Amino acid sequence: MTPTPEHIEYVLRLGDNALILGQRLSEWCGHAPVLEEDMALANMSLDLIGQARMLLTHAGRLEGRGRDEDGLAFLRTEPQYRNLTLCELPNEDFGRTMLRNFLFASFQKLLWQRLTESTDAELAAIAAKSLKEARYHAQHAGDWAVRLGDGTDASHARMQAALDYLWPYTTEFFDATPADGAVAAAGVGPAWSDFEDAWEAEVVAVLNTATLTVPARTPFKSYGKFGRHSEHFGHLLTEMQYLQRTYPGAQW
Amino acid sequence: MLTEAQAWDVLAAVPDPEIPVISVTELGIVREVHAREGGLHVVVTPTYSGCPATEVISQSIRDALVAAGAGEVAVETRLAPAWTTDWITEPAKEKLRAYGIAPPQGDAPAGPQPIRFVPRKLACPRCGSTDTVRLSQFGATACKALYRCQSCLEPFEYFKPI
């Protein structure tokens with residue numbers, strides 16, 4: 001199979017989602033409210049960065065221009081990243097972090113399930129591996145969403161505020177992209193809009209159990225997966241890329 | 001030079017760096033060993049995508065085989081089929097228990113899991129009581145969760161089925 005630019009872009013999107021959320025979660029290391037959750041967040045960050053390494057390595061090979069995982073992770077500029085805006089938003093408090101993990105891991109889980117049947121054998125293998133992890137992340141974060149949403153008045157208020165803030169960014173998950181048709185036709189992966197209903201049904205059921213009110217959809221749009229990022233993204237890259245930019249080619 | 005059978009014997013003595021009571025073969029991460037001209041080709045699979053032990057494991061496999069006289073050793077990492085706790089051998093599960101880690105119970109979950117799924121009662125690896133509670137879904141490594149026994153009051157780790 002000769003990779004098309006759409007195919008490479010699709011894999012980059014997957015890799016960037018995992019990389020950027022992995023980077024965000026790593027900010028919790030040493031700061032979580034309890035030790036157990038500190039370890040949980042660090043572990044989930046590791047899973048995501050592990051997924052990102054496999055996906056970016058694969059994207060670099062498909063591209064065939066000699067870029068490896070480090071080249072793609074650390075030496076691109078803002079508009080060249082294709083992650084969902086949701087992944088780059090600041091953590092804020094523990095509740096918002098958990099709710100984002102829940103919304104994202106539920107999405108990732110449905111996507112990996114479908115990608116286990118990709119005609120790109122390497123992508124299918126990465127999907128089968130990552131699916132097990134996404135499933136566990138969704139369960140962990142879903143537990144917290146219910147516990148804090150259906151908790152005290154204070155925790156409920158924070159979770160509702162977190163949902164009101166995050167929900168508009170989930171529209172972007174399912175927005176059509178120019179690559180959708182070519183990628184689906186080649187059997188590389190589904191258009192993400194294909195499983196919007198499945199995602200919403202799964203997520204809303206848990207949010208209802210958490211006694212949270214799901215906001216109505218608004219015309220708000222975000223465009224991270226198209227390369228147009230939020231104001232938070234440059235700050236994240238500055239920190240993430242510092243070492244490679246300052247000491248080019250540095251290795252552990 | 002080593003035969004494939006000799007190579008498997010050597011690998012059976014290479015410990016997992018995080019859980020040294022079991023070997024890399026008992027953990028089920030060594031998938032294939034092939035003898036080839038001048039050396040060996042070994043296929044391993046990672047437990048978790050971000051497991052920091054993966055690179056150490058490949059290195060210890062290479063070192064052990066080279067020290068045993070295998071010649072050139074190529075270690076290939078292969079993702080498919082994805083590793084599952086079902087590949088941990090029965091004797092290794094007993095070793096985990098003796099070490100204080102509750103081994104994975106039942107087969108890996110194949111399908112979707114309901115949110116707030118209540119895990120079945122785990123037996124404490126120290127006293128055997130099933131009066132145990134989960135403290136955290138993640139333990140000191142990605143592959144384990146943290147529990148406490150209400151009878152002997154000791155905390156213990158549980159190797160999660162995946």
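The values are calculated or read from the model by the stated rules, or taken from the named source; none is laboratory data. Keep in mind the model is a prediction, meaning the values are calculated, not measured. Every residue, glycine as well, gets a Cβ built from its backbone with ideal geometry; the counts of neighbours run over all protein chains shown.
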Restricting the search to the range A:163-173, which residues are of a type in the set (Val, Ile, Thr) and either buried (at least 19 other Cβ atoms within 10 Å of the Cβ) or within 14 Å of chain B (Cβ to nearest Cβ) (or both)?
-> A:THR170
The range B:72-102, residues that are assigned to a strand (DSSP E or B) and surrounded by 14 or more Cβ atoms within 10 Å (Cβ to Cβ) = B:VAL73, B:VAL75, B:THR77, B:ILE101, B:ALA102
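Considering only residues that are among the aliphatic types (A, V, I, L, M) and under 16 Å from the mean Cα position of the chain (by Cα), which ones fall in the range B:30-45?
Within the range B:30-45, the first condition is being among the aliphatic types (A, V, I, L, M), and the residues that meet it are B:30, B:33, B:35, B:40, B:42-44.
Within the range B:30-45, B:VAL30, B:VAL43, B:VAL44 meet the criteria.
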Check on B:ILE61, modelled with pLDDT of 90 or more and under 21 Å from A:LYS132 (Cα atoms) = no
All conditions in (1) more than 14 Å from chain B (Cβ to nearest Cβ); (2) under 18 Å from A:HIS58 (Cβ atoms); (3) at pLDDT 95 or above are true of A:ALA157 except (2)
Contacts under 6 angstrom Cβ, first residue in the range A:174-194 being buried (at least 17 other Cβ atoms within 10 Å of the Cβ), partner among the acidic types (Asp, Glu) and part of a loop (DSSP other than H, G, I, E, B), 6 or more apart = A:VAL188/A:ASP120
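So for the range A:77-89 (the condition being within 14 Å of another protein chain (Cβ to nearest Cβ) and of a type in the set (A, V, I, L, M, F, W, C)), does at least one residue qualify?
Taking every residue of the range A:77-89 in turn, none turns out to be within 14 Å of another protein chain (Cβ to nearest Cβ) and of a type in the set (A, V, I, L, M, F, W, C).
Residue by residue, here is whether (1) within 14 Å of chain A (Cβ to nearest Cβ); (2) in contact (Cβ under 8 Å) with a residue 40 or more places away in the chain; (3) over 30 Å from A:PHE102 (Cβ atoms) holds:
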{"position": "B:GLU18", "(1), (2), (3)": "yes, yes, no"}
{"position": "B:VAL44", "(1), (2), (3)": "yes, no, yes"}
{"position": "B:ALA64", "(1), (2), (3)": "no, yes, yes"}
{"position": "B:GLU72", "(1), (2), (3)": "no, no, yes"}
Being crowded, with 16+ Cβ neighbours inside 10 Å and either touching a Pro at 6+ places or on another chain (Cβ under 9 Å) or more than 25 Å from B:PRO46 (Cβ to Cβ) (or both) is the filter here, so list the residues in the range A:68-81 that pass it.
-> A:ARG76, A:TYR81
Which one is nearest to the other protein chains (Cβ to nearest Cβ) among residues in the range A:51-67 that are in contact (Cβ under 8 Å) with a residue 40 or more places away in the chain and buried (at least 24 other Cβ atoms within 10 Å of the Cβ)?
-> A:GLN51
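Can you list the helices (runs of 4 or more DSSP H) lying wholly within the range A:164-252 that have 1 or more residues being modelled with pLDDT under 95 and more than 16 Å from the chain's Cα centre (by Cα)? Can you show your working first?
Details: elements: A:180-185, A:196-209, A:233-246.
Because the criterion is at least 1 residues that are modelled with pLDDT under 95 and more than 16 Å from the chain's Cα centre (by Cα), the helices (runs of 4 or more DSSP H) in the range A:164-252 that meet it are A:180-185, A:233-246.
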Does A:GLN160 satisfy being touching a Leu at 6+ places or on another chain (Cβ under 6 Å), surrounded by fewer than 24 Cβ atoms within 10 Å (Cβ to Cβ) and polar (S, T, N, Q)?
-> yes
Condition broken by B:ALA80, with the remaining ones in (1) within 14 Å of chain A (Cβ to nearest Cβ); (2) touching a residue at least 12 places away in the same chain (Cβ under 8 Å) satisfied | (2)
Would you check if B:VAL133 is within 14 Å of another protein chain (Cβ to nearest Cβ), modelled with pLDDT of 90 or more and over 23 Å from A:ALA128 (Cα atoms)?
-> yes
Could you identify the single residue in A:ALA250, A:ALA198 that is of a type in the set (A, V, I, L, M) and under 26 Å from A:TRP112 (Cα atoms)?
-> A:ALA198
Flagged pairs (Cβ under 8 angstrom, 6 or more apart or on separate chains; first in the range A:234-250, under 20 Å from A:TYR81 (Cα atoms); second aromatic (Phe, Trp, Tyr) and modelled with pLDDT of 95 or more) are A:LEU237/A:TYR81; A:MET240/A:PHE74; A:GLN241/A:PHE74; A:LEU243/A:PHE74; A:GLN244/A:PHE74; A:ARG245/A:PHE74
Only residues that are crowded, with 19+ Cβ neighbours inside 10 Å and of a type outside the set (Ser, Thr, Tyr): list them for the range B:15-37, please.
-> B:ASP16, B:ILE19, B:ILE22, B:VAL24, B:GLU26, B:LEU27, B:ILE29, B:VAL30, B:VAL33
Does the range A:127-145 hold any residues that are closer than 16 Å to A:GLU37 by Cα and either more than 7 Å from chain B (Cβ to nearest Cβ) or in contact with a Lys or Arg (Cβ under 8 Å, 6 or more places away or on another chain) (or both), and which are they?
-> A:TYR136, A:HIS137, A:ALA138, A:ALA141, A:GLY142, A:ASP143, A:TRP144, A:ALA145
Residue list for the range B:24-48, restricted to those being among the small types (Gly, Ala, Ser), in contact with a helix residue (DSSP H, G or I) (Cβ under 7 Å, 6 or more places away or on another chain) and not in a loop (DSSP other than H, G, I, E, B) | B:ALA35
